[in-house]
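> This is the structure I want to talk about, given as structure tokens.
The values are calculated or read from the model by the stated rules, or taken from the named source; none is laboratory data. Not measured: the values here are computed from a predicted model. Note: ideal-geometry Cβ built from the backbone for every residue, glycine included; neighbour counts use all protein chains shown. Only protein heavy atoms, including side chains, enter the accessible area calculation; ligands, DNA and RNA are left aside. Shrake-Rupley method; radii C 1.70, N 1.55, O 1.52, S 1.80 Å.
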Amino acid sequence: MPSSLKKQRGLTFLSIAFILGLIAFFTLLILKIAPIYINHSRVVNALKAVENTTDIVTKTKAEIKTSLEKRFDLNYVEHVTNDDIKIVAQPGYVRVDIDYERIEPIFGNLSVLVQFHEGFEAGNK
């Protein structure tokens, strides 16, 4: 063997392709999941605004739901339906729970499922 052949250093084409594939996969994952969490932060902000409403414990179930829906419309909240919102309103006590999930297809038959639960209680039972 000639002495000019030295031990090769660096990455092979396959290892570069593998690294670029991993970077592409995680970039795709972030681009698909980030909007879900942005939407969830809007849900949390709307819920906090309703919770901080003065005299929330004196409002009826319909008034609370209407106020929440208006805030959802104002903040462009998506993927939260009326079935996801549970409200208990009694004189002097209010509890609001929002449970929803989002399934986002990544590619092919690979999807990600994200579940959320938010809520608050105000007043005395």
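> Can you tell me the orientation of helix 13-51 relative to the chain, as the angle in degrees between its alpha-carbon axis and the longest Cα principal axis, to the nearest 10?
Between the helix axis and the principal axis of the chain, the angle is about 10 degrees.
> Continuing with the same structure: Nearest 10 degrees is fine. How inclined is helix 61-74 to the longest principal axis of the chain, computing both from alpha carbons?
Helix 61-74 sits roughly 40 degrees off the main axis of the chain.
> For V57 and K86 in the same chain, what is the full-extension length gain: residue separation times 0.36 nm, less their Cα-Cα distance, in nm?
Details: separation 29, 0.36 × 29 = 10.44 nm, distance 1.54 nm.
Length gained between V57 and K86: 8.9 nm.
> With r defined as the distance between the Cβ atoms of F120 and Y76 and R0 fixed at 22 Å, what FRET efficiency is calculated, to the nearest 0.05?
Calculated value: 0.50.
> Mind checking the per residue accessible area of the chain for me, 1.4 Å probe, whole number of Å²?
For the chain, the solvent-accessible area averages 73 Å² per residue.
> Spin-label point model (7 Å from Cα, Cβ direction): what's the I103 to A49 distance in nm?
Placing both labels 7 Å along Cα→Cβ, they lie 3.1 nm apart.
> Let me ask you something else. Would you mind checking segment 111-125 for residues with the amide N under 15 Å from a putative spin-label position 7 Å along Cα→C-beta of Y93?
The answer is 120-125.
> Taking a ≥ b ≥ c as the square roots of the Cα gyration tensor eigenvalues, with a/c under 1.5 meaning rounded and otherwise prolate when a/b beats b/c, else oblate, which class fits the chain?
Cα axes put the chain in the prolate bin.
> Which trypsin sites (Lys or Arg not before Pro) in segment 1-94 pass both tests, a DSSP loop state and at most 12 other beta-carbon atoms within 10 Å?
K6, K7, R9
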